[in-house]
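This report concerns only the one structure given below.
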C-alpha cells in the first residue's frame, strides 16, 4: 500500500495516518483490523459499524473513537439504505 498524503475529503482515519506518518498497512498491523477493511473505510465503500474495530483503530492512532467518526457520512449512508428497503 502506498503512503497516504493529505488531501481534501479524506477520512479522519486516513488523516490521522498521514499525521503519524504511517500507512494503512501499518495501521492494520498495529490495530489488528484487516487492510481490506481499512481500505474500504478509506474509499468510503463501507463505514465503520463495528465499535470494537473502530476502538482498536482509535487505540492504535492514539485518539478517541469520536475523532474518527463522520456523522454526516453515516447519516447519508443510513438514509440511502433505508430508502432502498
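Quick look at the values:
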| item | result |
| --- | --- |
| Extreme residue, surrounded by the most Cβ atoms within 10 Å (Cβ to Cβ), among residues of segment 31-51 that are under 16 Å from residue 64 (Cα atoms) and touching a residue at least 12 places away in the same chain (Cβ under 8 Å) | 48 |
| Lone unmet requirement of (1) in contact with a helix residue (DSSP H, G or I) (Cβ under 7 Å, 6 or more places away or on another chain); (2) modelled with pLDDT of 90 or more for residue 47 | (2) |
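The values are calculated or read from the model by the stated rules, or taken from the named source; none is laboratory data. For clarity, every value in this text was computed on a predicted model and none was experimentally measured. Glycine also receives a Cβ, built like all others from the backbone with ideal geometry; neighbour counts cover every protein chain displayed.
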